[in-house]
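Notes follow once the structure below has been shown.
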Amino acid sequence: MGLKRSRACALLVAAVSAAALSAFCLGGCSGGDYTPPTPTPSLASPTIGQDGVLRVGVNSDTAPLAGKPSGSDRVIGIDVDMAAALADYFGLKLEVIDVGSDLDSALANGTVDIVMGVDRSDSHGFWVSDSYLPTAVALFGLADATEVPASDASITVAAQASSKSAWAVSNEFENAVLTSTDDLRTALDDLQMGTVQYAAADAVIGTYAVHSAGTGAHIVALMQQPSGYGVGVSDENADLKQAVSTAVVTLNGNGVGGVIQSKWLGSALDFTNIPLTALAASALPSDGQGSGDDGSGDEGSDDEGSGDDASGDDASGDDGGSSGDDGSTDQPVNTVVIEGVEYVDADMDGYPDEWGDSIVPPGQA
């Protein structure tokens with residue numbers, strides 16, 4: 001079977017067909033309603049758990065990836081729209097299931113076929129696709145902020161307390177640089193009022209907050225090599241892994257992913273021309289070519305992403321791909337010291353390999 005059209009294309013074709021039929025009927029047809037053709041599913045059991053339906057797990061506490069509007073139980077967000085595009089690609093109906101932050105269990109017990117919003121920089125017991133949405137800890141500034149600050153610069157940076165963004169600031173700059181805030185929105189407010197010169201946040205969540213508030217802030221630099229959010233599939237399900245891998249690459253390539261990002265973020269995220277801070281740049285391979293993920297489907301880096309939450313609550317659900325430690329014993333054991341504590345940093349990215357377990361409490365981002 002050929003590749004399925006994107007949901008946007010399918011709707012456009014249906015609309016054009018309906019309009020053409022309507023015009024034809026004006027010329028003298030006897031009536032009748034147009035019914036779009038039913039797509040032929042490209043996946044069936046046992047590859048998926050229920051014939052005709054793609055059951056997708058999301059974490060509704062990770063807006064704008066997935067969240068519930070005030071007073072509603074309906075889950076919306078980038079992950080939900082991307083899940084709809086995947087279901088359409090496979091010719092299936094979509095069932096969205098809020099599985100919280102325990103993505104592993106949802107896949108292991110067969111509650112869902114796939115899970116969305118998986119941070120590829122984290123380690124989990126399931127396979128993760130190439131990313132459909134790139135991200136990294138980013139440094140935001142106002143319009144006049146165009147230069148990447150040096151690591152020893154006398155600047156002020158606001159970031160949500162206990163977030164990975166806050167740790168990134170402390171790791172890159174002197175501790176006195178960091179202004180801790182209760183939530184990301186306050187950090188961005190401080191930036192807008194000129195209380196601080198920069199704000200640090202996850203690129204996706206920060207861009208969403210900036211777009212929603214209309215502050216005009218922009219990403220000045222990335223504080224780590226780009227990673228991204230991918231689709232999780234049980235590692236034993238080879239057929240579904242292959243199908244999802246092809247679908248993600250296709251949806252990235254045909255522009256559907258960019259359209260979804262633009263809907264929520266104002267524009268598609270493109271890190272191509274965004275510079276890295278000194279510490280992030282020092283983690284690049286010797287040939288100068290990064291292993292980051294720009295959202296085109298190439299494999300992301302093993303850096304940790306931030307989990308700042310635009311609503312002010314700590315985000316949970318930083319679940320994801322490979323840890324970046326290949327277990328090789330012929331490589332030196334590298335370490336990084338944060339707040340006087342030494343941690344293993346095997347991939348030399350400036351962040352502890354065990355970040356989520358040793359520094360940030362479970363469920364905290």
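The values are calculated or read from the model by the stated rules, or taken from the named source; none is laboratory data. Keep in mind that this is a model prediction, so the values were computed, not measured. Quick reminder, even Gly has a Cβ in these numbers, built from the backbone with ideal geometry, and neighbours come from all protein chains shown. Note: accessible area is taken over every heavy atom of the protein model, side chains too, but ligands, DNA and RNA are not part of it. Shrake-Rupley method; radii C 1.70, N 1.55, O 1.52, S 1.80 Å.
Data for the structure
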read-out: Verdict on residue 231 being among the β-branched types (Val, Ile, Thr) and either part of a strand (DSSP E or B) or within 26 Å of residue 91 (Cβ to Cβ) (or both); value: yes
read-out: Residue match in segment 161-171 (condition: assigned to a loop (DSSP other than H, G, I, E, B) and surrounded by 24 or more Cβ atoms within 10 Å (Cβ to Cβ)); value: yes
read-out: Residues located in segment 250-260, provided they are in a helix (DSSP H, G or I), open to solvent by 10 Å² or more (accessible area, probe 1.4 Å) and in contact (Cβ under 8 Å) with a residue 60 or more places away in the chain; value: 250, 252, 256, 259, 260
read-out: Per-region count, segment 266-280, residues under 14 Å from the mean Cα position of the chain (by Cα) and either surrounded by fewer than 18 Cβ atoms within 10 Å (Cβ to Cβ) or of a type in the set (Lys, Arg) (or both); value: 2
read-out: Residue match in segment 114-128 (condition: surrounded by 22 or more Cβ atoms within 10 Å (Cβ to Cβ), modelled with pLDDT of 95 or more, of a type in the set (Ser, Thr, Tyr) and outside any strand (DSSP E or B)); value: no
read-out: Hits in segment 129-160 (condition: assigned to a loop (DSSP other than H, G, I, E, B) and of a type in the set (A, V, I, L, M)); value: 136, 142, 143, 145, 148, 150, 153, 155
read-out: Qualifying residues in segment 172-215 (those that are of a type in the set (Phe, Trp, Tyr) and buried (at least 24 other Cβ atoms within 10 Å of the Cβ)) - the one modelled with the lowest pLDDT; value: 173
read-out: Checklist (1) within 18 Å of residue 230 (Cα to Cα); (2) more than 16 Å from the chain's Cα centre (by Cα); (3) in contact (Cβ under 8 Å) with a residue 24 or more places away in the chain applied to residue 41, failing item; value: (1)
read-out: Number of the condition not met by residue 104 [criteria: (1) assigned to a loop (DSSP other than H, G, I, E, B); (2) surrounded by 15 or more Cβ atoms within 10 Å (Cβ to Cβ); (3) modelled with pLDDT of 90 or more]; value: (1)
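Residue-wise test of (1) touching a residue at least 12 places away in the same chain (Cβ under 8 Å); (2) surrounded by fewer than 24 Cβ atoms within 10 Å (Cβ to Cβ); (3) not charged (D, E, K, R).
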position	(1), (2), (3)
58	yes, no, yes
62	yes, no, yes
65	yes, no, yes
72	no, yes, yes
75	yes, yes, yes
79	yes, no, no
83	yes, no, yes
94	yes, yes, yes
98	yes, yes, no
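Here is a yes/no grid of residues against (1) over 21 Å from residue 44 (Cα atoms); (2) open to solvent by 10 Å² or more (accessible area, probe 1.4 Å); (3) aliphatic (A, V, I, L, M):
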{"position": "227", "(1), (2), (3)": "yes, no, no"}
{"position": "233", "(1), (2), (3)": "no, no, yes"}
{"position": "240", "(1), (2), (3)": "no, no, yes"}
{"position": "245", "(1), (2), (3)": "no, yes, no"}
{"position": "248", "(1), (2), (3)": "no, no, yes"}
{"position": "264", "(1), (2), (3)": "yes, yes, no"}
